[in-house]
Amino acid sequence: MKKRIIALFVAVLLIFTFTACSNDSEAPDDTGADKSGNDENSKEPTDSGEDGEDVEISVTWWGSDTRHTITLDMIDAFEEKYPHIKVNPEYGSPDGYWDKLATRVAGGTAPDVIQFGGNYPDYVDKGALLPLNDFVGKEIDLEQFDQDVVDAGTMDGNLYGICLGTNMLTLVYNKDLIERVGGELPPETWTWEEMEKWAEGLAEKMDSGYFPMSDNSKSQTNYLGYFLRQRGNSIYRDGEVAFEEQDIVDWINLWEGFREKGLVPDAETASAYPETGPDTSLFVEGKTALILIYSNQVRAYQDAMEDELSLTLLPKGEETAAWIMPSQYMTVYSKTEHPNEAATFINFMVNDPEATSILGNERGVSSSAEVRELLAESSSPVDTKVYEYFNVATKDVKPMDPNLPNDQEFNDTFKLILEKVAFGQIDAEEGGKQVYELANDLVEKAGRD
Amino acid sequence: MNRDLKNKTSNFFVHVIVIAIGFIMLYPILWLIFSSFKLNEHIFSDVSLIPKKITLEHYVDGWQGIGRIPFSRFLKNSFFVSIMSVIVNVISCSMVAYAFGRLDFSLKNIWFAIMMLSIMLPTHVTNIPRYVMFNKFGWIDTYYPLIIPKILATDGFFIFLLVQFIRGIPTDLDESATIEGCGPIQIYWRIIMPLAKPALVTTALFTFLWTWDDFFNPLIYLNTPEKFTVPLGLRMFLDSTGESNWGSMFAMSVVSLIPSFILFLTMQNYFVEGITTTGIKG
């Protein structure tokens, strides 16, 4: 019996060695493919797209039903104009999109054209995206684009992402709720002090369980970024963390001050309603009157509520801090077999009058001045409010700072730390210290990879 | 008489408690069902269970599907994958279980231990090697990765379940079958399979439910929306970064619960038998 077991182990061992060998022999192939992907940097775009030759490209994006429908309509228009290019749409919900994309990039089977958010630099680091410099002026026309927005899609001198639309942070208030309790509507612009005073006035008139403002101290780090930029700092700038511990302590104290006065929900309620979207929002339940969201979310929030919403500017500080934020980018996969067709497709999507009128501002307000004018003519009341807000808010902006590397992890952990402070487990100083260390750790971690 | 009354009152209280607990357990599903009849703007802003205004529009919209793909397409895909998985799993697992339960072959215990280990191995460990392998086979964006592995009886849990059941079937039956001239294959087919029906039904039911509910594997292996299964289709109604069509998602969730529900109700008797008989012996 013992002999048999030994024989078995030897057999198993042999099998493993064989499989290992066969893997080795295939390995050079893989790296070869990798290299050719990276070499695209220097290579002229290949001439795979000669006229008449039929090619297929796959395009992936995430979004809602509305986005799927209009994007498919746009693809129909594209295929009509370029009959030799067939587009395979691969779309889904944002949940799972990133897991799936990461797997496909690792497996070398990613689609030719990929929609990204602000996180595209992570994939540039992985060598998954193709620089588009050589296509500009040929396949891709960026004449009408705001330079800021082109820059936002550029990394280390290479253009990787073509912006599909822009967003801004906005404060949204529940007009009907404020009027029902007999409060004052927010003015068009205000300072932090004026906002606090306004909230205090409203709090007196509200019943218990209602609050003037939603807790946006941690729902996303961009509000913090805005606060920091008003002091001349930022979350991340020039490749390093650009704030001090004290900045975070001040931010925490500001919000904990609001909480003590009952201007924002108590810690328990605030953690039950993280305010990350209409479905987790106390604001949508009609219990708070003011919330910070992105301009492209206004419509979803309005659709989820009966009360009428209006927009106002973020509180002013010492320095200009607002920025225009590209919402999504279209990028090309570095191992694509049809870079020219992919570039043609992206260009069609952002410049063609037919395509842009189909797509509207669903992916944010267009970065092309021409397209904006075209769209403003026909829009719904909510959209009109957003356009009006854009017209006012874009007058006072500074270029945006890049996301902190490993941005998602920063967001998640930042939220946990601030929750600990809200529940009194640690004090503001300790919270400031932890956030500062977290940011530095993440930058260091990104540098190591 | 007095005693009867006492029994009745205690019965009454037991029932009240059971119903209360049942209600708490069912509440999420009730909320789902009632919300599917609410207007979109009421789903999250109106706390009460009963809709202020009943609407069927979510069912109509949801059934029309998403991005040009009707919801029936997702249902069809899910049925295909689930039913294929059931057929393949029942055949392969029962054969393996028969071998473990009845036949004698070398290193049986070690093989059995390896099979048991495969149950304990977290699926996440095998995900990447599996993806790489199927990718090399060119099976990405097909249903093969979801069905073909099951031919090799990869669901150790069901093998274990069936082995336990088969061990409980008296060997006298096999012996008399041998005397009558049956070989191992005939014993498997004529004696074991009919007698193991409750365990087979349990296997089939669980395979169906697990495949029907599976989100991760279809997500990883399927790319074209036309091939998506129900869980992926349901997720497409939601967009956490923008507009979510919660109403349609709820409505279609209710629709996609129906097959599992019917299956469970009709197979309930077999199912309970399968679980209890294997459980005791285990």
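No value in this document is a laboratory result; all are computed from the given coordinates. Note that the structure is a prediction, hence the values are computed from the model and not measured. With ideal geometry, Cβ positions are generated from the backbone for all residues, glycine too; neighbour counts draw on all protein chains shown.
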Taking Cα atoms, the helix A:428-448 axis meets the longest principal axis of chain A at an angle in degrees (rounded to 10) of 20 degrees
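Where does each of A:195-202, B:105-112 land if you order them by average Cβ count within 10 Å, highest first?
Descending mean neighbour count gives A:195-202, B:105-112.
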Inter-part gap, Cα centre of segment B:130-194 to Cα centre of segment B:35-66, in whole angstrom, is 45 Å
So, relative contact order of segment B:127-256 in percent, Cα under 8 Å, 6 or more apart, is 27 percent
Per-residue average of other protein chain Cβ atoms inside 10 Å, peptide A:54-67 -> 4
Partner shielding of A:275-283, taken as the mean number of other chain Cβ atoms within 10 Å, equals 3
Taking alpha-carbon centroids only, segment A:314-377 lies from segment A:231-274 a number of Å equal to 31 Å
Two pseudo-spin positions, 7 Å from Cα along C-beta at B:Leu103 and at A:Ser271, lie apart in nanometres by 5.7 nm
Under the Karplus relation with 6.51, -1.76 and 1.60 and θ = phi - 60°, whole-Hz ³J(HN,Hα) for segment A:396-403, x at Gly and Pro, equal 10, 10, 10, x, 7, 8, x, 5
Given A:154-160, A:209-215, the highest-first ranking by average Cβ count within 10 Å works out to A:209-215, A:154-160
Mean separation of Cα contacts under 8 Å (at least 6 apart) over the residue count of segment A:225-373, i.e. the relative contact order in percent, is 21 percent
Listed by chain and number, the residues whose amide H is under 5 Å from that of A:Asn88, excluding neighbours fewer than 5 places away on the same chain and using placed H, are A:Ile57, A:Ser58, A:Val59
Cα-based Debye curve of segment B:41-175 sampled at q = 0.15, 0.17, 0.20 Å⁻¹ gives log₁₀ I(q)/I(0) of -0.90, -1.01, -1.20
By the mean-Cβ-within-10 Å protection proxy, highest first, A:309-321, B:227-239, B:20-32 rank as B:227-239, A:309-321, B:20-32
For A:Val113, A:Val241, ascending order of other Cβ atoms within 10 Å (fewest first) is A:Val241, A:Val113
Across A:Asp148, A:Asp125, A:Asp134, the residue with the highest GNM fluctuation in chain A (Cα network, 10 Å cutoff) is A:Asp125
Net charge (Lys, Arg +1; Asp, Glu -1) of residues whose beta-carbon lies under 15 Å from that of B:Arg68, B:Arg68 excluded, is -4
From the Cα centre of segment A:135-213 to that of segment B:196-241, the distance in Å is 39 Å
Expected vector for segment A:339-347, Karplus 3J(HN,Hα) from phi with 6.51, -1.76, 1.60 and θ = phi - 60°, integer Hz, x for Gly and Pro, equals x, 5, 5, 4, 5, 4, 4, 4, 4
Inverse of <1/r> over all distinct C-alpha pairs of chain B, i.e. the Kirkwood Rh in Å, gives 22.2 Å
Going through A:Lys175/B:Lys53; A:Lys287/A:Lys316; A:Lys261/A:Lys433; A:Lys335/A:Lys433; A:Lys86/B:Lys136; A:Lys415/B:Lys150 one by one, the pairs whose alpha carbons sit over 32 Å apart turn out to be A:Lys335/A:Lys433; A:Lys415/B:Lys150
Candidate span helices, chain B: DSSP H, at least 27 Å along axis from Cα coords, Kyte-Doolittle average at least -1.0, result B:2-35, B:71-102, B:246-281
Taking 0.36 nm per residue of separation between A:Thr69 and A:Glu56 and subtracting their Cα-Cα distance, the length gained on full extension comes to 2.6 nm
With a Förster distance of 35 angstrom and the Cβ-Cβ distance between B:Gln268 and A:Trp98, calculated FRET efficiency to the nearest 0.05 equals 0.30
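For A:93-103, what's the mean count of beta carbons from other chains sitting within 10 Å of each residue's beta carbon?
Per residue, the number of nearby Cβ atoms from other chains is 5 on average.
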Here, B:Thr55 and B:Ile91, labelled 7 Å along Cα→Cβ, have an inter-label distance in nm of 4.8 nm
Segment B:1-55, convex hull of Cα, quarter of hull surface, nm² -> 4.9 nm²
Using alpha-carbon coordinates alone, the radius of gyration and Dmax of chain A in Å work out to 25.3, 90
The set of residues whose placed amide H lies less than 5 Å from the amide H of A:Ile426, leaving out same-chain residues fewer than 5 positions away, is A:Val421
Quick note on B:Val125, A:Val59, ordering by fewest other C-beta atoms within 10 Å, gives B:Val125, A:Val59
Residues whose modelled amide H sits under 5 Å from the amide H of A:Tyr236, counting only those 5 or more places away in sequence or on another chain, are A:Ala242
The ³J(HN,Hα) series, computed from each phi in segment A:158-173 with the Karplus coefficients 6.51, -1.76 and 1.60 at θ = phi - 60°, rounded to the nearest Hz and given as x for glycine or proline, is 10, 7, 10, x, 9, 6, 9, x, 10, 10, 9, 6, 8, 8, 10, 10
Percent relative contact order for chain A, counting Cα pairs under 8 Å at least six residues apart, stands at 25 percent
Simple SL model, points at 7 angstrom along Cα→Cβ for A:Gln147 and A:Lys126; separation in nm is 3.4 nm
